[in-house]
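Heads up, the thing below is written out as structure tokens.
Read the figures in this text as sums done on the coordinates, not as results from a lab. On a predicted model such as this, the values are computed, not experimentally measured, just so you know. FYI the Cβ positions are ideal-geometry reconstructions off the backbone, even for glycines, and counts take in every protein chain you see.
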Amino acid sequence: MEKITLEKKEKLDFRASEAYKSLRTNLQFCGSEIKVIALTSCTPNEGKTSVSFYLAESLAESGKKVLFIDADLRKSVLVGRYGVGKINGGLTEYLAGQRETEQVIYQTEIDGMYMLFSGAIAPNPSELLGNHRFEALLQSAREQYEYIIIDTPPLGSVIDSAVVAQFVDGVIMVIANNTISYKFAQNVKKQLEKSNVKILGAVLNKVPMEKKGYGNYYGNYYGYGKYYGDYGNYGSKEAKVEG
């Protein structure tokens, strides 16, 4: 298995680190049968990729063996964002039968964390994600990893997340503060429910901490940098959506 270094990965400050520990703990309380978790959002730029990545990192730091899968086959940013450099194939190549799992899963410098990047942009991502090779990948990963975290495209834009949802144990919605309407979030939630997937909860992201009154409103949660994360209602079938 090839090793990579995440050259541009930022180190979280104390408050952000504590936020992801809180999210990690709430996820673990969902039960030992919840191993494969997909994260999605309603629209682009709500921060789901960062939340997915740092959740996977936090799980690895707690001693778990974690596989992070980038299933955004349309517009992935991971390779460039974290300074990985050139990779020799990813999820697209595996799903198309051009690579096997041992050729596309990379070991990172984070102890216990492994990554499967999206690979080349695919002309038919929904069809690729719905084929038997993706299901076989997850079945095999369940035997090798304690958690599999999957970053998926925004469900309000494309159907890919709903396709992935049929193979996972639960879904987390990442919702940016003051970005979408309550009705839009509920419609996306209903789309997920059609896949009969368990909705584990929601992460309220990008809430500015410097704004007066947020501290009293949200209580003793912690946040990512200057943003705030509300991780409520994990373990419930109902997603907690603020705003």
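Could you go through the stretch 126-134 in sequence order and give the Karplus-derived ³J(HN,Hα) for each residue, using 6.51 cos²θ - 1.76 cosθ + 1.60 with θ = phi - 60°, rounded to whole Hz, and x for Gly and Pro?
5, 5, 5, 5, x, 8, 5, 5, 5
Apply the Karplus parameterisation 6.51 cos²θ - 1.76 cosθ + 1.60, with θ equal to phi minus 60°, to every residue of the stretch 15-30 and state each ³J(HN,Hα) to the nearest whole Hz, in sequence, with x for glycine and proline.
Those phi angles translate into 5, 5, 4, 5, 4, 6, 5, 5, 4, 4, 4, 4, 5, 5, 6, 5 Hz.
Provide the net charge surrounding Y94, with neighbours chosen by a C-beta distance below 9 Å and charges set as Lys +1, Arg +1, Asp -1, Glu -1.
Local charge sum for Y94: 0.
Fewest first, what order do S126, S181 take by the number of other Cβ atoms within 10 Å? Before the final figure, lay out each step's value.
On the way: S126 17, S181 10.
Fewest-to-most ranking of S126, S181: S181, S126.
Going down the table (K21/K64; K35/K183; K64/K190; K3/K206), which pairs top 24 Å between alpha carbons?
Going by Cα-Cα distance, K35/K183; K64/K190; K3/K206 fall outside the 24 Å limit.
Using the Cα gyration tensor of the stretch 14-218, with a ≥ b ≥ c the square roots of its eigenvalues, what is the shape: rounded (a/c below 1.5), prolate (a/b larger than b/c) or oblate (neither)?
Prolate, since a/c reaches 1.5 and a/b exceeds b/c.
On a full-extension model of 0.36 nm per residue, what is the gain between V77 and N124, subtracting their alpha-carbon distance, rounded to one decimal in nm? Don't skip to the answer; put the middle values down first.
Details: separation 47, 0.36 × 47 = 16.92 nm, distance 1.85 nm.
Computed gain between V77 and N124 is 15.1 nm.
Return the distance in nm (one decimal) between the two label points of a simple spin-label model at T5 and N45, each offset 7 Å from Cα along Cα→Cβ.
Modelled inter-label distance: 3.3 nm.
In nanometres, what is the gap between the two model label sites at S181 and E135, each 7 Å from Cα along Cα-to-Cβ?
3.7
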